[in-house]
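The values are calculated or read from the model by the stated rules, or taken from the named source; none is laboratory data. The structure presented is a predicted model; accordingly, all values stated were derived computationally and were not measured. All Cβ positions, glycine included, derive from the backbone under ideal geometry; neighbour counts span all protein chains shown.
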Amino acid sequence: MAEIVYGPAGPADAGEILTLQRAAYVVEAQLYDDPHLPALTQTLDELTAELAEDHSVKAVLGHRIVGAVRGKLDGPVLRIGRLVVAPDQQGRGVGTRLLAAIEAAADGRAEWFALFTGHLSDGNIRLYQRAGYAETHREQIRLDLTLVHLMKEHR
């Protein structure tokens, strides 16, 4: 089996990452009964712009992008978002390695890492806690959706 290679993602990867993002977020949309999650409604132009400006990492297996994550520096905090792994690659450590790679991409520029996920996304919460993130607070967005915010100090 080929090895997964982790490296920077850029605007040229936008189409494949958008397809991956939509595939990965279908499960979240079903969990929250919301087909209008921002990750599912994001346009190719919006994603291309994000990949041009933000820190982005992709996981490539052969010629296929099987994971991606983005981070945006906000002062001393790297705000991490849209960590996605292809459904057929989940449970193999890709998400854990992507998280470590995006943290490393901001080495020397970030003192803290911050991210959030929905309150029903138990697998995501476990992943982040295993990686050293601690819950800071919860934010109710709707009656049926609460965001769980987590942070980690850069060491």
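Somewhere in segment 81-92, is a residue touching a Lys or Arg at 6+ places or on another chain (Cβ under 7 Å) and among the small types (G, A, S)? Even if it seems obvious, please write down each step before you answer.
First, the residues of segment 81-92 that are touching a Lys or Arg at 6+ places or on another chain (Cβ under 7 Å): 81-82.
From what's left, among the small types (G, A, S): 81.
Within segment 81-92 (the criterion being touching a Lys or Arg at 6+ places or on another chain (Cβ under 7 Å) and among the small types (G, A, S)), the answer is yes, since at least one residue qualifies.
For every residue, the table says whether it meets (1) more than 28 Å from Q30 (Cα to Cα); (2) touching an Asp or Glu at 6+ places or on another chain (Cβ under 6 Å); (3) of a type in the set (A, V, I, L, M, F, W, C); (4) surrounded by fewer than 16 Cβ atoms within 10 Å (Cβ to Cβ).
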{"residue": "G91", "(1), (2), (3), (4)": "no, no, no, yes"}
{"residue": "A101", "(1), (2), (3), (4)": "yes, no, yes, no"}
{"residue": "D107", "(1), (2), (3), (4)": "yes, no, no, yes"}
{"residue": "A110", "(1), (2), (3), (4)": "yes, no, yes, no"}
{"residue": "Q129", "(1), (2), (3), (4)": "no, no, no, yes"}
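Any idea how many residues of segment 52-64 are under 14 Å from the mean Cα position of the chain (by Cα) and either at pLDDT 95 or above or on the phi > 0 side of the Ramachandran plot (or both)?
So the answer is 4.
Residue under question is G123, and the condition is that it be surrounded by fewer than 19 Cβ atoms within 10 Å (Cβ to Cβ), at positive phi and among the small types (G, A, S); does it hold?
For G123, the condition - surrounded by fewer than 19 Cβ atoms within 10 Å (Cβ to Cβ), at positive phi and among the small types (G, A, S) - is not met.
Just need a number here: residues in segment 27-38 that are in contact (Cβ under 8 Å) with a residue 60 or more places away in the chain and out of contact with any Gly (no Cβ under 8 Å at 6 or more places or on another chain).
Of the residues in that region, 3 qualify.
Sort out for me the strands (runs of 3 or more DSSP E) sitting completely within segment 93-155 that have 3 or more residues that are free of Cβ contacts under 8 Å to residues at least 24 places away in the same chain.
Passing ranges, in order: 134-142.
Using the structure shown, decide if L73 is on the phi < 0 side of the Ramachandran plot, outside any helix (DSSP H, G or I) and either over 14 Å from the mean Cα position of the chain (by Cα) or of a type in the set (A, V, I, L, M, F, W, C) (or both).
Here the answer is yes, as L73 does meet what is asked.
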